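Everything on this sheet refers to the single structure shown next.
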Amino acid sequence: MWTGSSGELSPSDLEDINEALDNNEITQSSEIAVGDYAVHQLVASGFEGALDARENEDVTNDFFSLLGGPIELTIEEADPGANQDAEALALGPQNTTVIADGENDTYFVLVNTGDVDFEDNGNRVPLPSDDDTELETNFTVVKDDANWDFTPDDQLEDDENSETFATFTAAEPDVSVNDPFDVAAASDQTVSGTSNIAPGTEID
């Protein structure tokens, strides 16, 4: 799990991702301020051909075309409460970007937490930005899909899909500034503080 500023990043290819990693604009974190990208780094072999990752690095549309078939991706409440079903986020190309590093069997799934909603009985409910929400991501490779078979039989038991889980917190954005924050208009001064907002974000 990583976080990145949705206001500063416009990922369209692997170069954008690598540059953001080199500049510490995408950093490892399991706490994602709502409005930032929740960046999943997925390492999985066998998808390069299916996602056309040899020719393209932005494989968003190909990725979503495989959902409901050989692969599944869900992000839902980790702790929905007693006697309640977990609500899932409505993921799609309008709020999620998938960038491939095909040579290294690595895929970056960037979910814009400011644009994603929960699916609630046909209604859409925005991910709350004034509270913390524990979420669990489940990426599944379906063993017995009718059209695809990514997993050799000797690696899985009968009828067993391959599942990978990650948990993160979609947190209320928070910024605090250390005293003194009333400074004169002069050079070479430092104003410091703490924040859970992704590095590189410009704050007014």
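The values are calculated or read from the model by the stated rules, or taken from the named source; none is laboratory data. Because the structure is predicted, anything quoted here is derived from the model rather than measured. For neighbour counting, all protein chains shown are included, and Cβ atoms are generated from backbone atoms with ideal geometry for every residue, glycine included. The area values use the complete protein model at the heavy-atom level, side chains included, leaving out ligands, DNA and RNA. Shrake-Rupley method; radii C 1.70, N 1.55, O 1.52, S 1.80 Å.
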* Structure fact -> Plugging the Cβ-Cβ distance of Ser65 and Glu8 into 1/(1 + (r/R0)^6) at R0 = 25 Å yields, to the nearest 0.05, a FRET efficiency of 0.30
* **Radius 9 Å from Cβ of Glu25, net charge of other residues (Lys, Arg +1; Asp, Glu -1)** => -3
* **Separation in nanometres of the label points that stand 7 Å from Cα toward Cβ, at Ser45 and Asn123** => 4.8 nm
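For the chain, what does the accessible surface come to per residue with a 1.4 Å probe? Please give it in Å². The partial results should precede the final answer.
Details: 11680 Å² over 204 residues.
It amounts to 57 Å² per residue over the chain.
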* Rounded to a whole number, what % of the accessible area of the chain do carbon and sulfur atoms account for, probe 1.4 Å? -> 37 percent
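Hey, can you rank 69-75, 55-61, 198-204 by average C-beta count inside 10 Å, highest first?
Values: 69-75: 19.0, 55-61: 16.6, 198-204: 13.9.
Answer by packing, highest mean first, reads 69-75, 55-61, 198-204.
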* Report the charge-dipole magnitude of the chain in Debye, nearest 20, computed about the Cα centre from +1 at each Lys and Arg Cβ and -1 at each Asp and Glu Cβ. => 360 debye
* For the chain, with +1 on Lys and Arg beta carbons and -1 on Asp and Glu, the positive-most of Leu21, Val142, Ser187 along the dipole -> Ser187
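Compute the signed sum of charges (Lys and Arg +1, Asp and Glu -1) over the other residues within less than 10 Å, Cβ to Cβ, of Phe168. Before the final figure, lay out each step's value.
Numbers: positive: none; negative: Glu31, Glu134, Glu136.
Neighbourhood net charge equals -3.
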* To do: Give the Rg/Rh ratio for the chain, taking Rg as the radius of gyration of the Cα atoms and Rh as the Kirkwood radius, to two decimals.
  => 1.03
* **Estimated distance in nm for a label pair at Val177 and Glu160, the labels positioned 7 Å out from Cα along Cα-to-Cβ** => 5.6 nm
* Set Lys and Arg Cβ to +1 and Asp and Glu Cβ to -1, take the dipole of the range 1-110 about its Cα centre, and tell me which of His40, Leu66, Trp2 lies farthest positive. => Leu66
